[in-house]
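Heads up, the thing below is written out as structure tokens.
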Amino acid sequence: MGTKRAHRSACKAHGPTCEGHASRAKKKRPILELSQALALTDSRTDRHERAVLLVAYDLALRACEVRLLAAGTFDAKARTIDFVPAKDGEEEPLGVAQRTADAIDAIGGLPAFAAWPAWKVKRLVRRAAKETGLPPRMRYSHILRKSRATHMLEATPPASIKDIQRRLRHKSEQTTLLYLGITPTRARTMDAVASAMIDDAGAAP
């Protein structure tokens, strides 16, 4: 009886060692290069669409959080946005880039985001990804949030896990770790570093 129960509880797709569909999916999803993320946001000629993509990437927002910005506070001088996120409900000001602040000003401020429910944001990300030539596997709505986390890790100097956790508004570091990946450029750079360690050590004096 116990064996049957164990068999039924095992994941049919990934087997008994499955860590959960969500965590496996997050680990396998591809990540944008920084240049691709900026090309995605800059590809929109409509200023509202561009603002949505910029804040979604800059603040690493969930699709459902874009609309919540409408009730938040934007300080153009300090370049900070204070809003209540979807999950933890704790308000905290987060700094944004100048290009993001300019895009928000161009649409009249945060209230303009009230017209952007989650389904509309997701559709915009998928459409923008397709129109900029990204392959189908890179046209998922969470790609800006996941890429932002990885880009912060790969920055110079790199952000700490705690820094990234704060940006993504996660309660657990373990959740943040699921979002982190390696861009192809970073992978090639680190491969070169790993090779140089051996080649340089083996070079003739």
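The values are calculated or read from the model by the stated rules, or taken from the named source; none is laboratory data. Given the structure is predicted, the values throughout are model-derived calculations rather than measurements. Note: ideal-geometry Cβ built from the backbone for every residue, glycine included; neighbour counts use all protein chains shown. Heads up: the accessible areas ignore ligands, DNA and RNA and are worked out on the full protein's heavy atoms, side chains in. Shrake-Rupley method; radii C 1.70, N 1.55, O 1.52, S 1.80 Å.
Full-extension gain between residue 84 and residue 45, please, as 0.36 nm times their residue separation minus the C-alpha to C-alpha distance. Each step should come with its number before you reach the end.
Details: separation 39, 0.36 × 39 = 14.04 nm, distance 2.89 nm.
The span from residue 84 to residue 45 would gain 11.2 nm if fully extended.
For segment 63-119, the set of GluC sites (Glu not before Pro) satisfying both a DSSP loop assignment and a count of at most 15 other C-beta atoms within 10 Å is given as 90, 91.
Largest first, the residues 58, 42, 199 sort by 1.4 Å accessible area into 199, 42, 58.
Going through the cross-link list 130/171; 130/162; 120/162; 87/162; 77/120, which pairs have a Cα-Cα distance over 28 Å in this structure? Before the final figure, lay out each step's value.
Working: 130/171 33 Å; 130/162 33 Å; 120/162 31 Å; 87/162 18 Å; 77/120 30 Å.
Checking Cα-Cα distances, 130/171; 130/162; 120/162; 77/120 exceed 28 Å.
Modelled spin-label separation between residue 163 and residue 98, with each label point placed 7 Å from Cα along the Cα-to-Cβ direction: 2.0 nm. Treating r as the C-beta distance of residue 190 and residue 35 and R0 as 25 Å, the FRET efficiency rounds to 0.85.
How many angstrom lie between the C-alpha centres of segment 109-129 and segment 130-191? Computed from Cα coordinates, the inter-centre distance equals 20 Å.
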